[in-house]
1. Over the range 129-189, what percent of the accessible surface lies on carbon and sulfur atoms, probe 1.4 Å?
2. Quick one: length gained pulling Thr496 to Asp330 fully straight, 0.36 nm per residue minus the C-alpha distance?
3. All other residues with a Cβ under 14 Å from the Cβ of Val117 taken together, and with Lys, Arg as +1 and Asp, Glu as -1, what is their net charge?
4. How much of the accessible area of the range 452-501, probe 1.4 Å, is carbon plus sulfur, in whole percent?
5. Probe of 1.4 angstrom, ligands and nucleic acids ignored: what's the accessible area per residue over the range 1-143, in square angstrom?
6. What relative contact order, as a whole-number percentage, does the chain give when Cα pairs under 8 Å and 6 or more residues apart are counted?
7. Would you pull out the residues with amide H under 5 Å of Arg5's amide H, same chain only if 5 or more places away, H placed 1.01 Å from N?
8. Gain in length, Trp509 to Cys27, computed as 0.36 nm per residue apart minus the alpha-carbon separation, to one decimal in nm?
Amino acid sequence: HWRPRIRAASQKRDWMDATRESFAYRCLPLNIANAHGWEILNPCGFEAVWNGGPEANDVAVTADDGSAPHELPATLFGHGVLTFHVNGLFRTPPGWNLWVGGPPNRPKDGIAPLGGVIETDWSPYTFTMNWRFTRPHQRVRFEANEPIGFFFPLPRDLLDEVRPRIAPLDEAPELKRRFEEWSDARNRFHAQIAAQPPATPGERWQKFYFRGIDTDGTPGATDHRSKARVPEFAGSEAFLPPAPMSKAQLPKAACPVHHIAPAQAASLPADELWAALERLRSLSPQRRQIPRQRAIRAEEFLDRHYAANWPLLLSGEMDNWRALEKWTPDHLAAVAGTRRIDGPAGTGIPLTLANFIASAQASPAAADGFPRRLMADLATLPTLAADLRGIDRLLAGRDPGRLWLEAAGCRVAAQQETANRLLLQIGGQRRIWLVAPGETMKLQAAARRAPLGDLSAPDLDERLPELRGLRPYPIDLSPGDALFVPYGWWRQTATTAFSTSVERGDFLWPNPG
């Protein structure tokens, strides 16, 4: 009985994560190809090696402990070919084939996937997924739940309909003009980057193709996509158990269990326990900074960040949002400027969105008596909310969120999050400092004695000795960035320019608070 381990393919690749500033994810064709189909996952961990001979038994497979024999690959064909049985019948509509091969852009040292096209609209036969060793005596390991196959449907007569030819570019003068404008713009951009390196990674690439626009801003294809949206197979969750432990993960020997009588059991003070946990977390390089990632899968986000209570900086989530280009201060004032807002307590100043924006762009002295930070519920501003798009794999879309406008130089003291938040930076620059929940008791004790003030200030240890050793995580937010701030974390904010952002909390999963 086959237990199908099939999932929608992920854009994520370890080697792309490891590139400087994750620059490989700037290549949209790579991202689309990575996720342009479904993955078949390996049911059990094993190692294999080929001795270079032509016979089937010239490939040796060594399974991890606990693996079922029928789940292991076979060596049917010889010549260094490793064969995975896919014991299910796939069905496509009439005239549609299934392309089957290895996961795109996921190279594996010593072995390569073979591809095939199968007529799955009529065939009552199963198929196999095959990999061929590229050199002998190279031991290759496949982990449990590692992708071993990749498939997507395509019309059988697709190539029959194509009439390819090579033609001079001069035959299409308009296309030639647009190409030359792009080429010139790209050369100027590279020269500018070399002369004046940008401060933020997002400014180091032009994003024309990513955004689906021409160099003059004209939209390209109306159905341009910056990500592949591939649905999961209905019912697949029942067949995707967690991966079994590999040999390296298994304990070397049984550990004796020491039973402690209740009278002997000691309890640690809560502040000592939290402090010890923070010291342990700091031992991991992954826990010394807030990671930045593109196009994270919902399952990975849930496991590594939402459920793990660990922040994440998402880039590229809003590349195609109209708000990124439209929401200038002037546009906001023109579209929603008459919206009335309560002024600061005791001032008696009536506020509209327009006069707040005017005061926020004035000097602090000229804006005396006006607030430097403003929140408006986007549910009451449908014209603006229409310029936002949902991050469907993370957010439920129940609430468009809250609009935050902050003047340049606005600082917000550290406050503890009472729910999970997703902060979407639309315009301007903000720096945010995060402090882990493990420091809560220290911060609460310090706040009872004196205002916390700036947790990033160099005199913090002198001003509040109980916070000695506190290490806030600094994050710079540029337009298009999204920051996940988990429940219980402390957040401090400062703006370097007029900032426009949106705060969301309508995640797909239960949100504490």
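The values are calculated or read from the model by the stated rules, or taken from the named source; none is laboratory data. Remember, predicted model here, so these are calculated numbers, not experimental data. With ideal geometry, Cβ positions are generated from the backbone for all residues, glycine too; neighbour counts draw on all protein chains shown. To get the accessible areas, we keep the full protein, side chains included, count just its heavy atoms, and leave off ligands, DNA and RNA. Shrake-Rupley method; radii C 1.70, N 1.55, O 1.52, S 1.80 Å.
1. On the way: 2340 of 4290 Å².
After summing per-atom areas, the C and S share lands at 55 percent.
2. On the way: separation 166, 0.36 × 166 = 59.76 nm, distance 1.86 nm.
Going from the current span to full extension adds 57.9 nm.
3. Numbers: positive: Arg156; negative: Glu119, Asp121, Asp157, Asp160.
Here the count lands on -3.
4. Values: 1000 of 1870 Å².
After summing per-atom areas, the C and S share lands at 54 percent.
5. On the way: 6950 Å² over 143 residues.
Averaged over the residues of the range 1-143, the accessible area is 49 Å².
6. Numbers: 871 pairs, mean separation 67.2, N = 513.
So the answer I get is 13 percent.
7. For Arg5, the qualifying residues are Leu41.
8. On the way: separation 482, 0.36 × 482 = 173.52 nm, distance 3.06 nm.
Answer, rounded to one decimal: 170.5 nm.
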